[in-house]
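One structure is given below, encoded as structure tokens.
The values are calculated or read from the model by the stated rules, or taken from the named source; none is laboratory data. Since the model is a prediction, treat every value here as computed from it, not as a measurement. In this analysis, Cβ positions are derived from the backbone assuming ideal geometry, glycine residues included, and neighbour counts consider all displayed protein chains.
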Amino acid sequence: MSSSSDRKNTSNRTPALGIPGEFFYDPKTFHVTPEHRASWSWNGYVILRNLFDAEEVSILRETMEADEAISKNAMSRQDGSQGQIRLSMWSHPANDAFGMAARCYKVAGTIEKLMDVDEIYHYHTKLILKDQETGGAFQWHQDYGYWYKNSTIFPGDMGTVFIPVDPCRKENGCLKVIPGSHRMGRVDHVRIGEQVMADPQRIAWAEEKLGPAIDVEMNPGDALFFHSCLLHSSGQNRSHLRRWVLITTYNSRRNDPIVPHHHASYTPLVKVANDKVKDIGVVRESLDRDYNKSANDKSIHDDEEEK
């Protein structure tokens, strides 16, 4: 277990911001409640403030900064507006802090209950490295807009957990979501730069029917659990504030892809205790991450490009 002085378990509580679907995590009492399930069903997401404490966040952040393989294996994506996003991605949880975060009950167990499926597995983990002053935007999209091409046929059986290790603010490109937009089902997506974007007309209609998009500002250690059809985006980072995020995605066993592809097929996920991030501490070089390569990612290519 890490014992460095900068990882003391000090309070870093996020104040309530009045965002729909916002809850606070108490490690002594937390369990998924009807209120959490109702937010997932109606809004398409649940925000758990303070899911990871200051010591855990420090371990996750230091692991990102210390492991040179993360930067060496990072893919760059242009946003079409002179911004760049770096991301590292792998299919199976490694024996490190990221793997423990993905497998711990407060993450994996929570999203399994929110999705209301019998069994989930780890679909992939990625680190979104939105650097200060140069960080690119993510266009409006649904995650299932990418995964639709991967032969996963049940979008309700897929979900994502977004955990920042840096503050996420409007000025450095925090997430924006349209609450309730997952209820629209999958919408068509088109290529913009090296990304796919949801049909702009559908985005406009979503805001007309459901209300305007909201900014989801988060502190390190907060977590956003969200449905694969939730419309979301994030702006460019032209500020002096870095915005690095750990993102883990899950699929259900019954939604195992029909056609093998660059993300994981069903592999049993062994959940671990919530203190495992602290137990494993900072691993400065993980040798068991199976990094994805951009050339293998068919979900970002349109039909014409695949021919």
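Residue by residue through the range 234-254, note down the ones that are under 25 Å from Pro155 (Cβ atoms), touching a helix residue (DSSP H, G or I) at 6+ places or on another chain (Cβ under 9 Å) and assigned to a strand (DSSP E or B). Leu246, Thr248, Thr249, Tyr250, Asn251, Ser252 - these are the residues of the range 234-254 that are under 25 Å from Pro155 (Cβ atoms), touching a helix residue (DSSP H, G or I) at 6+ places or on another chain (Cβ under 9 Å) and assigned to a strand (DSSP E or B).
Restricted to the range 168-187, and to residues there that are part of a loop (DSSP other than H, G, I, E, B) and closer than 14 Å to Ser234 by Cα, the residue that is nearest to the chain's Cα centre (by Cα) is Cys174.
Yes/no matrix, rows are residues, columns are (1) out of contact with any Gly (no Cβ under 7 Å at 6 or more places or on another chain); (2) under 15 Å from Asn43 (Cβ atoms); (3) modelled with pLDDT of 95 or more; (4) not hydroxyl-bearing (Ser, Thr, Tyr):
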| position | (1), (2), (3), (4) |
| --- | --- |
| Ala213 | yes, yes, yes, yes |
| Pro220 | yes, no, yes, yes |
| Ser228 | no, yes, yes, no |
| Gln236 | no, no, no, yes |
| His240 | yes, no, no, yes |
| Trp244 | yes, no, yes, yes |
| Ile247 | yes, no, yes, yes |
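Any residue at all in the range 71-80 that's crowded, with 23+ Cβ neighbours inside 10 Å and on the phi < 0 side of the Ramachandran plot? No: the range 71-80 contains no residue that is crowded, with 23+ Cβ neighbours inside 10 Å and on the phi < 0 side of the Ramachandran plot. Contact map, the range 107-132: first residue of a type in the set (Gly, Ala, Ser), second residue assigned to a helix (DSSP H, G or I), Cβ cut-off under 9 Å, separation 6 or more or different chains; pairs are Ala108/Ala102.
Here Phe23 passes the criteria (1) surrounded by fewer than 20 Cβ atoms within 10 Å (Cβ to Cβ); (2) farther than 14 Å from Phe225 by Cβ; (3) touching a Ser or Thr at 6+ places or on another chain (Cβ under 9 Å) except the one numbered (2).
Restricting to the range 255-282, and then to whatever is β-branched (Val, Ile, Thr) and assigned to a loop (DSSP other than H, G, I, E, B), can you tell me which residue is surrounded by the fewest Cβ atoms within 10 Å (Cβ to Cβ)? Among those residues, the one meeting the criterion is Val270.
Tallying residues that are of a type outside the set (Val, Ile, Thr) and in contact with a Phe, Trp or Tyr (Cβ under 6 Å, 6 or more places away or on another chain) within the range 198-224 yields 3.
The residues on offer are Gly185, Gly180, Gly136, Gly145, and the sole one that is at positive phi, of a type outside the set (Val, Ile, Thr) and surrounded by 19 or more Cβ atoms within 10 Å (Cβ to Cβ) is Gly180.
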